[in-house]
Amino acid sequence: MWPVLQAFRLRDAVDIVIVAAVVYRVLVMFRGTRALQMLAGLGGLMVASFLARRLDLVSTTWILENFWSVWVLALVVLFQPELRRALAQIGRSPLFQGITRAGQEQQSHVIDDVVKAADSLAAKRIGALIVLERTTGLRNYAELGVPLDALVSADLLVSLFLPYSPLHDGAVFVRHTRVAAAGCFLPLSRNTRLGRAMGTRHRAALGLSEETDAAVLVVSEETGRISLAVGGQMETPLDREQLRDRLAELFALGNTPSPGRAGWWVPAREWLKK
């Protein structure tokens, strides 16, 4: 034991910390998704392969070794949504970010208009789904709807969600100071732990927030409740002032990954509570 400790170097400690951090982030990213079950299955196959070799089970070893020859392709196919989300998170890091946001004063006006529209829609019990683009580009999602490129205003946002509007069923995308598109479809959340009571709008808001850093505003048609999806988490209910403060915080910081507001250790704390 002592020779092992004597040979232990600082770079070995750094190596262990990096591996532990990567494993932890993978577990947090896949938690609550079907991918976690797939990872557990792959882990079981690795254990089975090891035992088959140790016990000299020729046929079983041959089958498992041939399986591992295509494991890279299988992982890419099975984990495609999670890999896309991971690459998007890397691209949102400060190292790769450019100056892509509107000026602070213009952004403040946009937030005021969005909050005013949400408050008005909530009072009238009109359902709404508003996507506020942050640092991740959302053009591929916005292209699924009707392009508008109109200046953001509370009246415009309210009119788009009125029951008789042809675009009221989809999401509205706000990019900087412009309403980029309306009537857009969003990916539904893959979180298997969501309750059955959660409606399609809220699942769609969570789905996009899981894949991007967008702030997705939801107004419930049934209750008039205002919610905000960020980083795969739903903040609800929010009143007018809470919504304004939260949006101001998100667009001032730009890199806030989740509503926890305290960095990487918030998911760790929640993980330990489970």
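Throughout, read-outs are computed from the coordinates displayed, never taken from laboratory work. Just so you know, these numbers come straight off a predicted model, no measurement behind them. Ideal geometry is used to build each Cβ from the backbone, glycine not excepted, and the neighbour counts take in all protein chains shown.
Which ³J(HN,Hα) values, rounded to whole Hz and listed in residue order, are derived for region 195-208 from phi using the Karplus coefficients 6.51, -1.76 and 1.60 in 6.51 cos²θ - 1.76 cosθ + 1.60 with θ = phi - 60°, glycine and proline given as x?
So the J values, rounded to whole Hz, are x, 5, 6, 6, x, 5, 4, 5, 5, 5, 4, 5, x, 5.
Give me the one-decimal nm value for the distance between modelled label points at residue 153 and residue 50, 7 Å along each residue's Cα-to-Cβ direction.
Placing both labels 7 Å along Cα→Cβ, they lie 6.6 nm apart.
Around residue 139, what is the net charge, scoring Lys/Arg as +1 and Asp/Glu as -1 over all other residues with Cβ under 10 Å from its Cβ?
Surrounding charge for residue 139 is -1.
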